[in-house]
Amino acid sequence: MSYLTYVGKRLLQMLPVLFGISIAVFAIVHLIPGDPADVLLGQNATDARVKILNKKLGIDRPLLVQYFAFVWDLLHGSLGTSFYNRESVSSLILGRLPETGMLLFGGVILSILIALPLSILAASKRGAFRDQLVRAIPIVGLGMPQVWVGVMLILLLGLRFPLFPVSGFGETFPERIHSIFLPSLTIAILLSPILIRSLRASMLEILDSDYVLTARAKGISTARITRVHVLRNAIIASVTVLGINIAYLVGSMVVVERVFAISGTGSLMIDSISRRDYPIVQGVTLYFAFIVVLVSLITDLIHAALDPRVVVK
Amino acid sequence: MVSRKKTLGAFFAALTVAATVLVPLSANASPTGDLIFVRSQDFATFDPDLAQNDSLFIQQQVFEGLYRGTKDGKGVEPWLAKSHTTSKDGLTWTFKLRTDVKFSNGSPLTAADVKFSLDRATAGTGWGFINEAIGSVEAPSTDTVVIKTKFQWAPLLADLACFSNSIMPKDFGGKTAAEFFKDPIGTGAFVFDKWTPGTEIKLVANKSYWQPGKPYLNSVTWKYVIDDNTREFMLKGGQADINEEPPATNIKSLQAAPNIKVGIFPAAASNYLAFNHKVPALSDVNVRRAISYAVDRAAINKVVYSGLGTASNSFLPPGVNYYDKNSPGVQFDLKKAAAELAKSKYKKGLKLELLIRGGNKAHEATASILQASLKKIGITMTIKAQEPSVQRVTQKAMEYQMTLTGWTMDIVDPDQLLTFGLTPQGGTSAYFTNYNNEKVNAAVKKGQTSVDPKVRAAAYTFVQKQVADDAFMAFTINPPYLYAWSNKITGFFVNPLYSYKMEDVKKG
Amino acid sequence: MKFSKTLYVGVGLLGALVLAAIFAPLITSFDPNEPDYANTLLGPTAQHWLGTDPLGRDVFTRLIYGARIDLAIGLLAVVLPFIIGVSLGLLTGWRGGKTDSIIMRLVDTFIAFPFYVLAIALVFIFGPGIKSIIIAITLVGWVAYCRIVRANVLVAKEQDYIHAARLTGLPSSRILRRHMLPNVISQSIVFAMSDIVLSILAIVSLGYLGLGVPVPTAEWGSMIQEGQGYISQQWWLATLPGLMVVYVGFSLSLIGDGLVARLER
């Protein structure tokens, strides 16, 4: 089939995925013990008050009815209303989009900036000292928990040497870039070791492959080989690996947001689970899921388009 | 490979350039006149009836009451009320209001506003019970309020100083309650500006505040930052001015910092180990006394509170009127603990479960200490952690065996806690323990309804001794209120009733 | 069977830790949970090689006992996803067509579901502890292996030696097992090594959110959590457990490299 048909087909296939996720998150959220009205009213909850609030929130209806109401809202473009402060879930998420977006973006960019040169360095001479070093050091990045890394970065680069703000997000754009650096670095420290491993492996594979050998035999310089073949395949590989790890990336944001006091969608989700704010949990889950599915789709499409070895059937 | 070196070189050059450009941007300390709190709880509501510790400090900057607690927390002073007189039978209280007070929208404070607010508070299902004695509130003239009580009620002034009796405009100025609390109007030094849930809430100075020259600050913002270390770093780095309730374990580090002041404020607060008397073993007073003797208060104080608290000897915290410092309570003594357990039918050993809030470091440390101590007298204590909202629900539903809980006094009179925590009237089955001692209930009632300090003292001394002997809960530690602030801040003070007023605070 | 030096070193390092964990009572005489309030927050001494924690418990002891839990988590959380994921990946990459579509949609569904929502929900349902996190990781973890293997299979499928094997009439299962598997599994093994570490880190993160292994059990995540409060003065309390994770990660990466080298002939 043609590439375009493939794209169309994959886009359509997103729908059952999102549908499946909506069922899954609805089920899971309702399995969590704890009555939202009870939790919302806190110390002032009495049986009568709880009953009234439950009715108001609509959670006294049978589950199936609630689910269909949820889907109905979705089809009309609405993610529901928060139990906690009656604001629309979509506006709450959109409100936090700058923080989340910049954090995600920053983490990805820094990961690539760190991983790419180091992978090239390592792959250039397999087994050499620099190869060993490049492979050993990121292990520390992978192993140390993000909480610790984040706190250490703040201690060293925010307090001892006040290069960056300790937390928060800032108002103006330059302020925001400044604030997002340490959190992005925290994410990158976790992500780049994973990237480096995959990049290095695929680069070595390319360098050993037939067409590179042929190119070398033809006298094409190593520099050109790197630029044209290795880099191109490295990018394909990066894209695939990042696509696979997007879920980890999104998940690690939860911890990073808390350490750096950034009000992103990760902390929105955690706080909402504690408050049993079902609409927000469902809404944010679907939103995250949508991002992951979209990114995964894009990586697959790029992979299919660029990698000559893959045949689209 | 040349290109490889070039790539690396370019990469590091870019980093250096970025650093040089960005360093000057680091100087973003909070500006003078605008004060920033960092705290671990998010604001919830402006409704005084629903207020908990997460919201009431902020409410108290926007609303005021007829009276307010004194700095030492031992009494009350007239505030929106100028003075009062009581009738001979003690049942009619006449208050004269200040005539120079305006709400933040410019309208003057009148007795009608007071009547509206107090009536609403009394009818409230949250804290209404503390106004139980109030029979009626009348506003015969714009500056006079008359309160008739159903019986002689000594704590009335203390109750009027409670946040739940905050004065709001009559009929919410024509709005519904929900609308009003989204943008409230009060007589306090600050006015609501903006709330971003999950991030921060900001108040700005009330231009028509009745105390001339105050407040000194332009605005106060409370930022919600969960991570303890991040709050500490924000304070040290100048991004925050006051750190609300840093964990006691951070205190030494904060005290060592040259630009930080630490406040260890005496608090009328208690921590308890609660027992569910429905559990067969815990319905036995000897078992409860045994466990109470086995609580290593010194260890808990050292590990959890860095030695800044005091071992508890009474259900009432020190600083509260009629607190009996001579009540011996039950202190750490493993021998006595074993002896008590031997008197019960569990001398061969016992298994109990302690419910705690997951992630709460104080709870976790206390639980570990308890587990180790109880093991020594043959009680195997397992620890079950639930996340805080679930733990509260479980505690209320009394589906736990033992749990950790506490109390912070809001008024200087012991009545609020004793009614809530001990008697059926409090509506909580004695703070969710199922304890019910008729003699204690009677004594609490007696203290409530007398105005003679000697009678009250006798009643409350009896109550404290009896509940300690009954060990209905184990009293653990009385902690201080901990705050840390930048040395640019002056005038910040937290009274034992856990209230601070920002109109006296200066920055810079 | 010639194994590389790397593999031996990796196995040696990890093995040492595993043995220490199993025979912990022989290595250290301290009880990991017994408090000692007179000796809290000590630095390294002759008696306490790595100092003591806020309750006076020996840090070295708790690290070793903690290894029992964390290594178990790491292993359990990866074994099942690995088996499930690799099998499904082989299947779907080889068959293609409808099977591929269905399985890949399933993959997309699982991969898109936020791990933390699932983990937190499970912790709320089952209570904090190892069970919830293993279930959560298994439900979500098989997906990565499936994708990696499938991608490799799609490429390998077109290689000459596979075409040749097909032409000679070998049954698919045999081709998959003997020819395909060894050539597509290396990336999965590499990933599995970091996945084990990521699983251990997941429970550390859950601990940070207040949902980890309950107190007073010695476990690296809860030790880091307890240590966070002392990071300005006794920074090693939070750092040492993290270094244990690094140690595990390092030995696993050596093992991974060794296995891959072996598989690549």
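Just so you know, all these numbers are worked out from the coordinates, no wet-lab data involved. Predicted, not measured: the structure shown is a model, and the values here were computed from it. So basically every Cβ, Gly included, is an ideal-geometry build from the backbone, and we count neighbours across all protein chains shown.
Here is how the numbers come out for the structure above:
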| quantity | calculated |
| --- | --- |
| Footprinting exposure proxy for A:His30, B:His277 (fewest neighbouring C-beta atoms within 10 Å first) | A:His30, B:His277 |
| Cα-Cα pairs of chain B separated by more than 32 Å (percent) | 48 percent |
| Reference-scaled alpha-carbon Rg (2.2 N^0.38 Å with N residues) for region A:3-75 | 1.59 |
| Only Lys, Arg (+1) and Asp, Glu (-1) charged, at Cβ; chain B dipole about Cα centre in debye | 1420 debye |
| DSSP H segments from chain C that extend 20 Å or more along their own axis, Cα-based, with Kyte-Doolittle mean of 0.0 or above | C:5-22, C:59-95, C:97-112, C:130-157, C:186-208, C:236-263 |
| For C:Trp142, C:Trp49, order by how many other beta-carbon atoms lie within 10 Å, fewest first | C:Trp49, C:Trp142 |
| Region A:12-157: proportion of alpha-carbon pairs further apart than 22 angstrom, % | 65 percent |
| Descending Cα extents along the principal axes, the protein assembly as shown, whole Å | 113, 67, 59 |
| Euclidean distance of C-alpha centroids, region C:187-265 and region A:155-191, integer Å | 24 Å |
| Interchain or long-range residues, amide H under 5 Å from C:Leu50's placed H | C:Thr45, C:Val59, C:Phe60 |
| Cα centroid separation, region C:45-80 to region B:301-350 (Å) | 33 Å |
| Cα-centred dipole magnitude for region A:90-300, charges only on beta-carbon of K, R (+1) and D, E (-1), debye, nearest 20 | 700 debye |
| Residues whose placed amide H lies under 5 Å from that of B:Phe63, excluding near-sequence neighbours | B:Gly188 |
| Taking the convex hull of Cα positions in chain C, its mean projected area over all directions (nm²) | 16.7 nm² |
| Equivalent ellipsoid semi-axes, region B:29-101, via Cα gyration tensor eigenvalues times 5, rooted, Å | 32, 16, 12 |
| With Cα atoms, 0 to 90° folded angle of helix A:97-124 axis to chain A main axis | 20 degrees |
| Cα centroid separation - region B:237-289 against region B:447-505, whole Å | 14 Å |
| For chain A, calculated [θ]222 nm from helices alone, where every DSSP H run of n ≥ 4 adds -39500 (n - 2.57) | -25000 deg cm²/dmol |
| Stokes-Einstein diffusion coefficient of region C:119-221, Kirkwood radius over Cα pairs, 37 °C, 0.692 mPa s, in µm²/s | 203 µm²/s |
| Region C:68-144 pair-distance distribution - Cα-Cα, 10 Å bins, rounded % | 19, 42, 28, 10, 1 |
| Backbone HN-Hα couplings from phi across region B:46-57 [Karplus 6.51/-1.76/1.60, Hz, Gly and Pro as x] | 9, 6, x, 6, 9, 5, 10, 4, 6, 10, 6, 5 |
| Surface/4 of the Cα convex hull for region B:64-197, nm² | 8.9 nm² |
| Convex hull of Cα atoms in chain A, direction-averaged projection (nm²) | 21.1 nm² |
| Calculated [θ] (222 nm, deg cm²/dmol) that DSSP helices of n ≥ 4 give over chain B, each run adding -39,500 (n - 2.57) | -9500 deg cm²/dmol |
| Nearest-0.05 FRET efficiency for B:Lys194 and A:Lys56, computed from C-beta distance (R0 30 Å) | 0.70 |
| ³J(HN,Hα) computed for each position of region B:132-148 - Karplus, 6.51 cos²θ - 1.76 cosθ + 1.60, integer Hz, glycine/proline x | 3, 6, 6, x, 7, 10, 10, 10, x, 9, 4, 10, 10, 10, 10, 10, 9 |
| Cα lying deepest toward the dipole's positive end in region C:119-265, options C:Gln228, C:Gly210, C:Val123, charges on Cβ | C:Val123 |
| ³J(HN,Hα), Karplus 6.51/-1.76/1.60, whole Hz, each residue of region A:81-89, x for Gly, Pro | 10, 5, 5, 7, 10, 6, 8, 6, 4 |
